[in-house]
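> Sharing a structure below in structure tokens format, with a few things to ask.
The values are calculated or read from the model by the stated rules, or taken from the named source; none is laboratory data. Remember, it's a predicted structure, so these values are computed and weren't measured experimentally. Cβ: placed from backbone, ideal geometry, glycine included. Neighbour counts: every protein chain shown. These accessible areas exclude ligands, DNA and RNA; they are computed on the full protein's heavy atoms, side chains included. Shrake-Rupley method; radii C 1.70, N 1.55, O 1.52, S 1.80 Å.
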Amino acid sequence: MEALKDPATSVRAYAAAALRFVSTDNADINMALVEALKDQESSVRMNAAASLGIIKSSDIRVHLALANALKDESILVAMKALEALELILPTDP
């Protein structure tokens, strides 16, 4: 998770993407990815949103952070946040 704070954008982006393979629903990882949704670089935010969708956390803080990411200046980040919410939240048949 320290890699999410690396000065190199590519390292932070890869770390955000890799964390989806480490955990199914770990609070520390979830919160680190929520923080990554605030990164200055869109590639990091996009990978954080995608990872949170795959992890499928039940934590309301994750849901709220993804909902806020729907307003991201990058349409790609907003789309990944929407995809993540669709994976996480229950839908009616």
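> With axes computed from alpha carbons, what is the tilt in degrees of helix 42-55 against the longest principal axis of the chain, rounded to the nearest 10 within 0 to 90?
Roughly 50 degrees between the two axes.
> Ignoring ligands, DNA and RNA, please state the percent of accessible area on the chain from carbon and sulfur, probe 1.4 Å. Kindly include the intermediate steps, with their values, before the conclusion.
Details: 3180 of 5490 Å².
About 58 percent, which is the carbon plus sulfur part of the accessible surface.
> Can you give the relative contact order of the chain as a percent, counting alpha carbon pairs under 8 Å and 6+ residues apart?
Relative CO of the chain lands at 26 percent.
> Accessible area per residue of the range 14-67 at 1.4 Å probe, in Å²?
48 Å²
> Treating the beta-carbon of each Lys and Arg as +1 and of each Asp and Glu as -1, no other charges, what is the dipole magnitude of the chain about its Cα centre, to the nearest 20 debye?
60 debye
> A further question on this structure: Can you send over the solvent-accessible area of residue 91, 1.4 Å probe, protein chains only, in Å² to the nearest 10?
About 110 Å², ignoring ligands and nucleic acids.
> For q values of 0.23 Å⁻¹, compute log₁₀ I(q)/I(0) with the Debye formula on a Cα-only model of the chain, without solvent.
Here log10 of I(q) over I(0) equals -1.08.
> So, in Å, what gap is there between the alpha-carbon centers of the range 5-38 and the range 42-93?
13 Å
> Along the charge dipole of the range 28-70, which of 30, 40, 58 sits closest to the positive end, that is, farthest toward it, with unit charges on the beta carbon of Lys, Arg, Asp and Glu (+1, +1, -1, -1)?
Final value for the positive-end residue is 58.
> Stretch residue 89-residue 41 to full length: gain in nm at 0.36 nm per residue minus the Cα-Cα span?
On the way: separation 48, 0.36 × 48 = 17.28 nm, distance 2.63 nm.
Value of the extension gain: 14.7 nm.
> Something else about it: If DNA, RNA and ligands are ignored and the probe is 1.4 Å, what is the ranking of 61, 45 by accessible area, most exposed first?
61, 45
> While we're looking at this one, here's another question. If each residue of separation counts as 0.36 nm, what is the full-extension length gain between residue 21 and residue 5 once their alpha-carbon separation is subtracted? Working shown, then result.
Details: separation 16, 0.36 × 16 = 5.76 nm, distance 1.87 nm.
Residue separation times 0.36 nm, minus the Cα-Cα distance, leaves 3.9 nm.
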